[in-house]
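**Student:** My questions will all concern the structure given below.
The values are calculated or read from the model by the stated rules, or taken from the named source; none is laboratory data. Note that the coordinates shown come from a computational prediction; the quantities given were computed from them, not determined experimentally. Neighbour counts are summed over all protein chains in view; Cβ atoms, including those assigned to glycine, are modelled from backbone coordinates with ideal geometry.
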């Protein structure tokens, strides 16, 4: 059988993969295909014509190969250049587009995350470059979309940091407070907060949880104020009494958000080992984004790649 007639490799029917490494390499084998993808998805779906910002009309564009190897298309009418990477995380990066795309693939194909050190080994760049790439991907592409939560929503707080002693709810010295909300069978929101005072957490809940939703919390006193918000928001507040060792009472529980916290803690502890308070929000974005994409039919790689062009 000739090489050109070989059957393309396919995934097993039992595989959970939506987009394999073989499919990635087949679709994006080099820098040129990655650049062409950006051009077509940002400016020219047909690959030939695009709206010229200078002419303010639909014009034909050509890709001219120059000694400078410009990553641009040129308007055949006025000579204006359009750079597909401009305004994206790839802008002015000396790292090849193919490596950027591969880094995005790696960060979306893992369940628990990939460290910058592992990314360095996988794509063959310096540790500093790998860390910068991972940081831009999780902060710029995996950021919270701001979707409101409704229906049954669980809320809970946790602390991230070292092992210095500190009582829960009373500052937890040396640790960073984190607040999370999750809609059952829906999206999760996780954010660092300056403190876990009632005013702080209630403000976050009003911002993200739609009126007339059911909110489930533990018995921490900072959630007392939810009962007083019912007049304006119509919230139905239910508590689970963990101090009495009750963890589920009918549909009253916070197991969903606590399961997400467990995923975050295991991931950060096992993959990243230590995360500073300064960069913690980026890592929360990463875990929340993957959690929110868990039931999507489109592969996480394609979804995240489309976010590089604002789609």
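**Student:** Name the residues in the stretch 273-298 that are in contact with a strand residue (DSSP E or B) (Cβ under 8 Å, 6 or more places away or on another chain) and outside any helix (DSSP H, G or I), would you?
**Tutor:** Residues satisfying the conditions are 275, 277.
**Student:** Could I ask something else about it? List pairs: first in the stretch 145-169 and over 16 Å from residue 221 (Cα atoms), second surrounded by fewer than 14 Cβ atoms within 10 Å (Cβ to Cβ) and at pLDDT below 95, Cβ under 6 Å, 6+ apart or cross-chain?
**Tutor:** Close Cβ pairs satisfying both conditions: 161/174; 162/174; 164/173; 164/174; 166/173.
**Student:** For the stretch 235-242, state whether one or more residues are over 20 Å from residue 197 (Cα atoms) and assigned to a helix (DSSP H, G or I).
**Tutor:** no
**Student:** Among the residues of the stretch 149-164, is any outside any strand (DSSP E or B) and modelled with pLDDT of 95 or more?
**Tutor:** yes
**Student:** I need a count of the residues in the stretch 58-112 that are under 30 Å from the mean Cα position of the chain (by Cα) and without any contact (Cβ under 8 Å) to a residue 24 or more places away in the chain.
**Tutor:** Final tally of qualifying residues: 10.
**Student:** Let me ask something else. Which residue is farthest from the chain's Cα centre (by Cα), if the candidates are limited to the stretch 38-57 and must be in contact (Cβ under 8 Å) with a residue 12 or more places away in the chain and in a helix (DSSP H, G or I)?
**Tutor:** For the stretch 38-57, the residue satisfying everything is 39.
**Student:** Looking for whichever is modelled with pLDDT of 95 or more and either loosely packed, with under 15 Cβ neighbours inside 10 Å or out of contact with any strand residue (DSSP E or B) (no Cβ under 9 Å at 6 or more places or on another chain) (or both) here; the options are 169, 124, 113. Which one fits?
**Tutor:** On the way: 169 fails: modelled with pLDDT of 95 or more; 113 fails: modelled with pLDDT of 95 or more.
Exactly one residue qualifies, and that residue is 124.
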